[in-house]
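Read the figures in this text as sums done on the coordinates, not as results from a lab. Worth saying up front: this structure is predicted, and the values here are computed from it rather than measured. Glycine also receives a Cβ, built like all others from the backbone with ideal geometry; neighbour counts cover every protein chain displayed.
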Amino acid sequence: MKNINVLTGRRLVTALLPVMALAGCFSDGNDGSDGDDGAPGGIHIPIGEAQAVRAQIESVHIDESLKVSVDFFLHDERGVALSGLEALDAVHGLGMGIAKLSELQRRDRPLPGHQSALADATPMMTIELQPQWVSYLNRVVEPGTVQDPDSLPEGWDKHQSPQIQAGIESQCGLDCIEVVGNGLYRYTFTQPLDDYPVVAGIDTQYQPDLVHRVYLELSLASGQAMNDKLVNTVYDFLPAESRAIEPDQGRELMAASQCQRCHGTDLDNGALVMHGNKRFALEGCVMCHTTYSGDPETGATLDLGAMVHRLHQGDYLMIGWGGHAIDYSALTYPGDMTQCRQCHVEQGEAATPQASAYFWPRQEACLSCHEGDANAEWDGTAVGLFHQRERYPKAWAMGCAGCHPDSSNPQGAGVFHNARAQLEHDLATLYDATLQPGVLASANGTLKVEIDFASLTQLPTEDVAIQRLWLTAAGHLDESYHNDVANYQNRKVWDLASASDDILLSRAGPRLSVTISGINPADWGPQQRGSLWLKAQICADPATGMAIACDSPDKVVVELSAPPQAFAADSDALMVRTAKADESRCIACHDNQFMVRVADAHSRNNTPSSGGCGACHAPSVATSLTDGSCVACHTGDMVTYMNATLKHGTGPATVKGYRTLNNSLAYAELVHSLHANTRTVSGYTGGEREPVDYTRAASDCRACHAPGQLTLAGLSGQPSLIVAKSGADPAGRGEVVEISPVTATCAACHLNLASWQNHAIAFGAVVNPDAINGPIYQSGSETCATCHGEGQSAGVDKLHRLK
């Protein structure tokens, strides 16, 4: 068989460097004396001296005896060859795996613990299956000793049994390495492919006409910078044709970037790296976490898709290295597990060639979410569960295509999994809206707003599919002053879909004109300006995706919102709020459904209203995490309003003792303390709040803030925070401290404020230990941004080592 050899651009540049160097020399007539013998083969540096290690698999050779050798090129970040791998005393890890893309190999079911058999559990047809990775290296693993089994939940071992596990070859290490060129090394597997143990039920016969993948992992030393020196790489090839495959010939259901959007890419600081800090590449994971692999102690599947589903549901327990239980039952997922397209992206930059292959059912992946649907008589098989027609009537109404894709329904069960996302997309197109700047008329006390819809054939009060159309207005409370208006009268909410004497609606084509009367301009603060938000609740038929009357019994309600806009008494004073964080980065983890859960999470969910409690105690009108709709209530003054009577008596004396800085309700401090897990749970009704399972390092500001959003511009002009002193009596009131805005924002994560507050005070900060008489901070006094703003000499981007 021919070698499969691809010369990389980096190697080509490296090979040309000596020639280029000679071309740049001239002769003085003296050939010079002979020097010491050097390493052969061009420019290189010793691997132990490299700042970074990169790898490229360049060729795979499978000889007639089925012995496999893999040539790979090691280089640094500049493409310079790295020499001396073979001369190292040892490495932390060096492994190689090989697999073929073959027909699906199922794990045996039922597992022990399922004794019954259902009459309708017989396959009804021969179905088409997607190919899966099958490793050539497999073994049967017997249940082992489990550490502290009494601490595990009841029934953890009911499915215990010997299980097949796929793997890679890692015992040989440097003994399997030889040097074949400048920075070019060859790894030879210890055995021919047909000499590895054959496991019953797993077809590991060599088939050169199928796509194959080899995987390389290399870690020079434990604890070294993984970002720079941990290598995971794969190479997909077709042995029969001696070539690398085309993208459409492989199997890549999901891009690694879809994991990284929540977990990040910084391997040294929070990103996913497993198995002794050796493995992070999704393309390598699938070679061991195969469809047929399982955990012998618990019977839990090791299939990657099924594992990921269960992990994110907080429903996974397995026994790891050394018999230690790994329990993910307390894990919280910040997104919506029913939205497949959050991870399986079929369009755009994150799409992969086989992105839609997740439509095709697979035993373990489907059971990972639907096993909870089973009754006590379930026989433990996928067929036994999904062929119970009464449990899945919508799917069975489509026949076999309700699960198994065919020409009549290419999405199979995906048509149900993605129905909600598709419904929202269709309704968003129909009811797409854009707010125009609002005009506050102080003379006659009106607020006028125009809204442009994609289509508008009747007024919102007449459209039976519009359940609510909320218009929210709030003054800019973050503009250098403390709000002294009781009951938050600066924020108002109107339902434009409900007839009201203070709301006048008119329509000209798709433009809706709104005039709201009874406005007190003083409610909007000294500047008489603020922000507008629009949010609609549309009723729809889940079966057809069409808008329907809201009194329909089978309706679902979809929430849609428009980008925020500004209003002002003087058009020259209009100020659209600048986003301090990137909404797309929030959605990356929390998805588009998160605002629904924001509303559900609040202890009070009053009806929105143009005044009184409903103006703020109605988070259902929030439109986005970063557009200011949350900040309109969660201001720096919020703690002084959320404490005393039902009328919200205000002032420092009302602040409860548990409302410390890391239990503040101001938005920046709230969000930072939640994600950094520095937030207290004191004072919460109904039990302790669970810790947040944040997937990134708390110092990774880029998880939320795009470049340019960390300049700290304007932050010093916001009001200071008045909160309870650290150590105050939680049941008491009025033991308060004032902290200026920049310092408070940083202290939400950096809780050791006492150790650095003097530095902050020297540059204009205020840490007032007794703020019972109100704030003393002067707007704009903090000069922290001069040094710590993004891009500055000691900018937050540099101190936090942001990429």
Amide H proximity to Glu252 below 5 Å, modelled H, separation 5+ or other chain, gives Gln354
Fewest to most Cβ atoms within 10 Å: Val464, Val70, Val639 sort as Val464, Val70, Val639
Got a sec to turn the phi values of region 536-542 into Karplus ³J(HN,Hα) couplings, 6.51 cos²θ - 1.76 cosθ + 1.60 with θ = phi - 60°, whole Hz, x for Gly and Pro? 10, 10, 10, 8, 9, 8, x
Positive end of the dipole of the chain, charges at C-beta (+1 Lys, Arg; -1 Asp, Glu), about the Cα centre: which of Tyr215, Ser242, Met638 has its Cα farthest in that direction? Met638
Relative to the compact-globule estimate 2.2 N^0.38 Å (N residues), the Cα gyration radius of the chain stands at a ratio of 1.13
Work out the charge dipole of region 309-464 with +1 on the Cβ of Lys and Arg and -1 on the Cβ of Asp and Glu about the Cα centre, then indicate which of Leu427, Gly399, Ile326 is farthest towards its positive end. Ile326
With point charges of +1 on the Cβ of Lys and Arg and -1 on the Cβ of Asp and Glu, referenced to the Cα centre of region 47-342, which listed residue (Gly335, Tyr316, Gly276) lies farthest in the positive direction of the dipole? Gly335
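Can you tell me the relative contact order of the chain? Whole percent, Cα pairs under 8 Å, sequence separation 6 or more.
Details: 1629 pairs, mean separation 72.2, N = 803.
Once normalised by length, the contact order is 9 percent.
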Using the structure shown, list the pairs from Lys580/Lys803; Lys229/Lys803; Lys725/Lys803; Lys535/Lys580; Lys580/Lys798; Lys278/Lys803 with a Cα-Cα distance above 29 Å, or answer none. Lys725/Lys803
About the Cα centre, and with charges only on the beta carbon of Lys, Arg (+1) and Asp, Glu (-1), how big is the dipole of region 634-803? Nearest 20 debye, please. 180 debye
Residue-by-residue Karplus 3J(HN,Hα) for region 771-781, coefficients 6.51, -1.76, 1.60, Hz, glycine and proline x: 9, 4, 8, x, x, 10, 5, 9, 3, x, 5
Magnitude of the charge dipole, region 47-342, Cβ model with Lys/Arg +1 and Asp/Glu -1, debye to 20: 380 debye
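Taking the Cα centre of the chain as origin, work out the dipole magnitude from +1 charges on Lys and Arg Cβ and -1 charges on Asp and Glu Cβ, in debye rounded to 20. Please report the intermediate quantities before stating the final value.
Numbers: 53 positive and 93 negative charges, 420 e Å.
Dipole about the Cα centre, nearest 20: 2020 debye.
Mind sorting Glu86, Glu154, Glu169 by how few other Cβ atoms lie within 10 Å of their own Cβ, fewest first?
Working: Glu86 12, Glu154 6, Glu169 20.
Least to most surrounded, the residues fall as Glu154, Glu86, Glu169.
Going by how many other beta carbons lie within 10 Å of each one, how would you line up Arg106, Arg597, fewest first? Write out the running numbers ahead of the final one.
Details: Arg106 16, Arg597 13.
Listing Arg106, Arg597 from fewest to most nearby Cβ atoms yields Arg597, Arg106.
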